[in-house]
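Colleague: Here it is: the structure, laid out below.
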Amino acid sequence: MTTSNPWWGSGMFTVAGVLITTLGASALAILNRRTERRRLSREQKIETYPELLYAAHRLARTPVWPVSAGDPEELRDEIDRAAQRVRLFAPEFVGDAATGLLAAADSLAQTVRAIRTDRKPAHADLLDQRDAARHREAVERLRTAAEAFLSTTRVDLEVDRH
């Protein structure tokens, strides 16, 4: 009985084979879960980012008069809900842009509310000239914040390179 392998060699090779197989399967499972999480996160982003931008654009287009044209507070709340979802699953730099967008939306909603509370509409439901510049500035801040958010999301979704 002459063999070139020691008696314990085959057992060691069996154990090593089982360990390699187990570690390989574990590594693949971890990679698959990470890929799945990334895919789900991307799907949420693709749904929520445009929703947030659309609500911001609707708020920017909402006229002060007539009051029946829309409630800026409802649109601001819609922006707030979407911004909170973005802050939940998006990277910090996108969350910061969403926070800036929300601040600009809040400013515009407060401006419209103040004008509606303190003033009356001019002829044919037009905005009084005394309030037009303040309203225009708030709308422009919101549009600028929306553009900044759009640029940030395009980088996050790898549409544009930073």
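Colleague: So how do 130-140, 75-85 stack up, highest first, on mean other-Cβ count within 10 Å?
Modeller: Those peptides, ordered most packed to least, come out 75-85, 130-140.
Colleague: May I ask you to order 55-66, 113-124 by the average number of other C-beta atoms within 10 Å around their residues, highest value first?
Modeller: The densest-packed peptide leads the list: 55-66, 113-124.
Colleague: Can you figure out the FRET efficiency of Glu43 with Asp80, using R₀ = 25 Å and their beta-carbon distance, to the nearest 0.05?
Modeller: Using R0 = 25 Å, I get an efficiency of 0.70.
Colleague: Please give the contour-minus-distance gain from Asp160 to Glu51: 0.36 nm per residue of separation, less the Cα-Cα distance, rounded to one decimal in nm.
Modeller: Roughly 37.3 nm would be gained on extension.
Colleague: How far apart, in nm, are two points set 7 Å out from the Cα along the Cα-to-Cβ line at Arg61 and at Thr144?
Modeller: Each label point lies 7 Å from its Cα, and together they span 2.3 nm.
Colleague: I need the fraction of alpha carbon pairs in segment 41-156 separated by more than 25 Å, rounded to a whole percent.
Modeller: For segment 41-156, the share of Cα pairs beyond 25 Å comes to 25 percent.
Colleague: If I stretch the segment between Ser10 and Phe89 completely, what's the gain in nm (0.36 nm per residue apart, minus their alpha carbon distance), one decimal?
Modeller: Net length gain for the segment: 23.5 nm.
Read-outs: derived from the displayed coordinates by stated rules, not from any lab. Everything numeric here is computed off the predicted structure, so don't read it as measured data. Heads up, the Cβs are rebuilt from the backbone with ideal geometry, glycines too, and the neighbour counts pull from every protein chain shown.
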